[in-house]
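Enquirer: Take a look at this one; I'll ask things after.
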Amino acid sequence: MTFNRPDVPQRWRASTVTVLLALLLLVRTAPAGTTETIFFYNPESSVDNFAALKTEFDDYLSGQGAYSFQPFSERSTFESMLAGNAQGVYLLSSWHYRQLNAKTPLEAMLVGVAKGELQQRKILSSKDLSNISALPGSTIAGAGSEDYLRSQLQQMLGAEYEGLLPKIKLLSVPKDLDALMAVGFGVATAAISSESSLNKLAIINPKQHAQLKTLASGEKSFLLIAAIAKPQKDKEASLLKVIESMQAQPAGEKNLKMLGLDGWKRTDTLDASLSKQLRLP
Amino acid sequence: METNRYAGCLSFQTIAPALTTMPHNIFNIMFNLMIKPRILLLALAGLCCPLISASLAQAQAKILIINSDDTVNKYRQVKDAFKLQIMPHAGRIIDFNVQQTAHPEALEKLIKDENPDLIYSIGSQAYQLAAQFGGTKPVLFSSVINWQRFGRPSNSYGVANELSLSQELSLLRFVLPGLQRIGVIYDPNYSTERIVEARNQARDLGLSLVEQTVGEAEPLEKNLDNLLARIDVLWLIADPGVLADRATVEKIFVASMQHKKPVYTYSDAFMNYGASLVVAADTPTMGRQAANLAQAILLREPIKEAVQTPAGSHITLNVCQLGKLKTDYNSDALDAINQLLECP
């Protein structure tokens, strides 16, 4: 806070700052003790819809109790919040969950469901290229952070073609459909997208979809995960219950759709093979 | 395919000081090379291996960014995204804000003094100045509305401001899938080519384009009601012959509301009038595309399209307006929506 008013005496400036700071502390501490927060960060999408998410979720959650929603656009800020052991539930991508678990222990409590599926697979598609070896010099479009896209590509290329990575340019676009359409009109040579997005393209633009060939595909991974920081605290149980039951109410269902989900499934009801995947390092 | 002929200037210009001293004094050259390892490295790389030379050139590249107005949010966003993507691959970046200088001629001096390897211009004013003072240097542009009106010299590259028709119509079909008959009003003096292309794209998507021309012989008032009665959604395109003034725009929106037809258009500016869906180019993606293009120019890679179509889209959905019009939207598209407007 800075004061540049020469007409305000120095001692008044100091006391005003003290009062303002005290007020700020009061304002901050009052709800912090009672409000639980859903922290959200998703490196698998670049749709800048944080204001809409914040408004819609806060509106919905306020009707359920003293809860709030906090979306993050920066990975580092989200991770700092987690490292500071902030109280609440963390909504994050399964890719990020696996990375984070190595340094900040998390417990996945719910996994997202979309069209009856808990998992998705990423596909590398192209119009003009017939195989991976032709990728050098190309631009690959995909939704999400560059870190995420690079790691997906690395997984798809495997050890045999890993050397091609530095010869490929990545173009981060807001959503899968943008990436797929960018291949259609020649801005990108190939696109990384989920299988479900390819299916959406088949419905809205069948001609463009028919032109695409699959070059490679990645391993299946979970959709969004709702996790809490270990050691488990009972305090988050009520907020988890609110999240889990969102699909039962129209407003909650709409908010889930904004995250690309139809509902949630509790991790303690998953098959053993799927539960094992969540525990992998 | 267009081959980039300009990035080669970089290595030459950087090595040039060492080469020009050669006839005068061999000791000067040795001295220059000893105290300027960058020149030595580039000279050796340039002589030995063109590939190494190109990547070194890129790493040392000096880029001048000319921004039409840094206080405009969209321009600032595109610049930030460009910088973030190009930083690891560039040497130095110089900023020039047109609005902050009373004398645009200062740009001419800056270009002479700094001798940048590439000029990136943001906005129409910046692009015109870059073309005026940039000489033969490669000029990259973005955020230029209807760039075609300025022409494109062979040293000019860019990212257009308008989405492809295929993307515009595909996203309309994605978000509002129940609407098959798309009405469009256009002035043949401005939009004939665009409409011909839209006709083909609509056919590919299984949509039907219902066209209405305007002109001196066909005033808008005469045909607007007739058009609105035959369509499911009105697609308002950037046609200066149609969107001549505020009164005309208001007339179109009022009539659409009376006929309970949603309006699909290209700019959030129409949200205040009651547009139901807006799909525009995503600004940060344009900056990233420009950075990839800059990288290709500096590396002397072949450039497939000198002016690229924007790859990212930004969608605003007016749920409130759609509710008033009793029009359904695709709830599975909600994760692709940037802004959601609810009723107050």
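Enquirer: Keeping to the stretch A:134-189, report how many residues are more than 10 Å from chain B (Cβ to nearest Cβ), without any contact (Cβ under 8 Å) to a residue 60 or more places away in the chain and charged (D, E, K, R).
Expert: Residues meeting the conditions: 4.
Enquirer: If I ask for residues that are outside any strand (DSSP E or B), among the hydroxyl-bearing types (Ser, Thr, Tyr) and surrounded by 23 or more Cβ atoms within 10 Å (Cβ to Cβ), which ones from the stretch B:105-163 would you list?
Expert: B:Tyr127, B:Ser143
Enquirer: Then there is this: Please indicate, with yes or no, whether at least one residue in the stretch B:192-205 is farther than 15 Å from B:Gly241 by Cα and in contact (Cβ under 8 Å) with a residue 60 or more places away in the chain.
Expert: no
Enquirer: Going through the stretch B:209-253 one residue at a time, which ones are assigned to a loop (DSSP other than H, G, I, E, B), in contact (Cβ under 8 Å) with a residue 40 or more places away in the chain and under 17 Å from B:Gly274 (Cα atoms)?
Expert: B:Asp232, B:Ile237, B:Ala238
Enquirer: If you go through the stretch B:324-344 one residue at a time, how many are of a type outside the set (Gly, Ala, Ser), crowded, with 21+ Cβ neighbours inside 10 Å and facing chain A (nearest Cβ under 10 Å)?
Expert: So the answer is 3.
Enquirer: On to the next question. Scan the stretch A:226-281 for residues that are under 16 Å from A:Glu117 (Cβ atoms), out of contact with any Leu (no Cβ under 9 Å at 6 or more places or on another chain) and hydroxyl-bearing (Ser, Thr, Tyr) and report the count.
Expert: Of the residues in the stretch A:226-281, 2 are under 16 Å from A:Glu117 (Cβ atoms), out of contact with any Leu (no Cβ under 9 Å at 6 or more places or on another chain) and hydroxyl-bearing (Ser, Thr, Tyr).
Enquirer: Follow-up question, since we're still on this one. Among (1) closer than 25 Å to B:Ser143 by Cβ; (2) surrounded by 19 or more Cβ atoms within 10 Å (Cβ to Cβ); (3) more than 10 Å from chain A (Cβ to nearest Cβ); (4) of a type outside the set (Phe, Trp, Tyr), where does B:Ala296 come up short?
Expert: Condition not satisfied by B:Ala296: (3).
Enquirer: With respect to A:Glu236, determine if the residue is surrounded by fewer than 19 Cβ atoms within 10 Å (Cβ to Cβ) and acidic (Asp, Glu).
Expert: No: the conditions fail for A:Glu236.
Enquirer: Residues in the stretch A:190-217 that are surrounded by fewer than 19 Cβ atoms within 10 Å (Cβ to Cβ) and touching a helix residue (DSSP H, G or I) at 6+ places or on another chain (Cβ under 6 Å): how many?
Expert: 3
Enquirer: Also: Kindly provide the set of residues from the stretch B:163-190 that are under 30 Å from B:Tyr120 (Cβ atoms) and away from chain A (no Cβ under 12 Å), ordered by number.
Expert: B:Tyr190
Enquirer: Would you pick out the residues in the stretch B:57-95 that are crowded, with 22+ Cβ neighbours inside 10 Å and polar (S, T, N, Q)?
Expert: Of everything in the stretch B:57-95, those that are crowded, with 22+ Cβ neighbours inside 10 Å and polar (S, T, N, Q) turn out to be B:Gln58, B:Asn67, B:Gln85.
Enquirer: Related question: Look through A:Val47, A:Val89 and report the one residue that is surrounded by 20 or more Cβ atoms within 10 Å (Cβ to Cβ) and in contact with a strand residue (DSSP E or B) (Cβ under 6 Å, 6 or more places away or on another chain).
Expert: Of A:Val47, A:Val89, the one residue that is surrounded by 20 or more Cβ atoms within 10 Å (Cβ to Cβ) and in contact with a strand residue (DSSP E or B) (Cβ under 6 Å, 6 or more places away or on another chain) is A:Val89.
Enquirer: Please verify whether the stretch A:232-239 includes one or more residues that are at pLDDT below 95, polar (S, T, N, Q) and either part of a helix (DSSP H, G or I) or over 18 Å from the mean Cα position of the chain (by Cα) (or both).
Expert: Yes, that holds for at least one residue.
Enquirer: While we're here: For the stretch A:44-70, how many residues are closer than 24 Å to B:Asp282 by Cβ and either away from chain B (no Cβ under 12 Å) or not small (Gly, Ala, Ser) (or both)?
Expert: Result for the stretch A:44-70: 12.
Enquirer: Right, next: Condition first: in contact (Cβ under 8 Å) with a residue 40 or more places away in the chain and away from chain A (no Cβ under 11 Å). Now tell me which residues in the stretch B:304-323 satisfy that.
Expert: B:Ala306, B:Asn318, B:Gln321, B:Leu322
Enquirer: Right, something else. Which one of A:Ile192, A:Ile203 is within 14 Å of another protein chain (Cβ to nearest Cβ), β-branched (Val, Ile, Thr) and in a helix (DSSP H, G or I)?
Expert: Step by step, each of A:Ile192, A:Ile203 is checked, and only A:Ile203 is within 14 Å of another protein chain (Cβ to nearest Cβ), β-branched (Val, Ile, Thr) and in a helix (DSSP H, G or I).
The values are calculated or read from the model by the stated rules, or taken from the named source; none is laboratory data. This structure is a prediction, so every number in the text was calculated from the model and none was measured. Virtual Cβ from ideal backbone geometry, glycine too; neighbours counted across all protein chains shown.
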